[in-house]
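The values are calculated or read from the model by the stated rules, or taken from the named source; none is laboratory data. What you see is a predicted model; the values in this text were computed from it and never measured. Cβ placement follows ideal geometry from the backbone for every residue including glycine, while neighbour counts extend to all protein chains displayed. Side chains are part of the model used for accessible areas, which takes the heavy atoms of the whole protein and leaves out ligands, DNA and RNA. Shrake-Rupley method; radii C 1.70, N 1.55, O 1.52, S 1.80 Å.
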Amino acid sequence: MNKWMKGILGAAAIVFLGMIVLYVSFVISMRPDKEKEEEVRSQAAHYLKANFPDHFQVYDTLYDNMGNFEFDYAAKVRDEANGIEFLVYYDSESEQMTDTYVAKSWTQELESNILPYVKKTFGERARATVFFDDQIGKTLKLSPDHPGSYKDYQASPMVRLTLPRKKKDGDERLVEEFISFLKTEAAVKQGTVAVEYIAENGEILGEEWSKEW
């Protein structure tokens, strides 16, 4: 075997080994650190004891290995009284533990208020997902165990309509009527409705669009 062929094989071997190292590093980075999971569980337990009634319990942890959230680890907490699930985590900006309970409580409230209308207007397979700012409770200085109602505040939710079909000519009119319902019947003072068209297999059927009020 000449030197030229040996050089090619050697370079290929180095590239192959490099790919293996990168793959192993990626797999390791995707796995949560057990010690950090236990740490956030412990921090959350103390936080709950100081701020919430006894029926709030940590049931799992969340490891954000994709950078979707502002934290790496969070505790998943459930309100055993009503089934609301939310997150408790360390906020590096305030250097304190914080939670998303008010946002999730308001989300459940608004979704239950609008779901019958959405099903009747857009079809049984239509979905409506509500998003409030996770820090809305902290911003408004609300007590976690007394979140109140979104109706009492100038909250601005995002309501995402997912329709399992292509866009129709009458959709903009239907969304305008939905916004009118949100303002009058659901008492949402301001917000945004975003509409997406996605088949049940995940195929995107049309361009997403939105309206604010």
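Among the residues of segment 164-213, count how many are out of contact with any strand residue (DSSP E or B) (no Cβ under 9 Å at 6 or more places or on another chain) and in a loop (DSSP other than H, G, I, E, B). Can you show your working first?
Looking only at segment 164-213, we keep the residues that are out of contact with any strand residue (DSSP E or B) (no Cβ under 9 Å at 6 or more places or on another chain), and these are 168-170, 173-174, 177, 180-181, 183-187, 189, 200-203.
Remaining after also requiring in a loop (DSSP other than H, G, I, E, B): 168-170, 185-187, 189, 200-203.
Number satisfying all stated conditions: 11.
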In segment 85-119, what residues are farther than 16 Å from P157 by Cβ and among the β-branched types (V, I, T)? V88, T98
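Take segment 88-113 and flag every residue that is within 23 Å of A50 (Cβ to Cβ), among the aliphatic types (A, V, I, L, M) and in contact (Cβ under 8 Å) with a residue 40 or more places away in the chain.
V88, M97, V102 - these are the residues of segment 88-113 that are within 23 Å of A50 (Cβ to Cβ), among the aliphatic types (A, V, I, L, M) and in contact (Cβ under 8 Å) with a residue 40 or more places away in the chain.
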Show me the strands (runs of 3 or more DSSP E) found entirely inside segment 60-154 where at least 3 residues are open to solvent by less than 20 Å² (accessible area, probe 1.4 Å) and more than 26 Å from I179 (Cα to Cα). 73-79, 85-91
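Kindly evaluate S105 against the criterion of being small (G, A, S) and farther than 28 Å from A186 by Cβ.
So S105 fails the test.
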Among the residues of segment 163-213, which ones are open to solvent by less than 20 Å² (accessible area, probe 1.4 Å) and farther than 26 Å from G137 by Cβ? L163, D171, V175, F178, V195, Y197
Residue within segment 150-169 that is touching a helix residue (DSSP H, G or I) at 6+ places or on another chain (Cβ under 9 Å), free of Cβ contacts under 8 Å to residues at least 12 places away in the same chain and of a type outside the set (A, V, I, L, M) present: yes
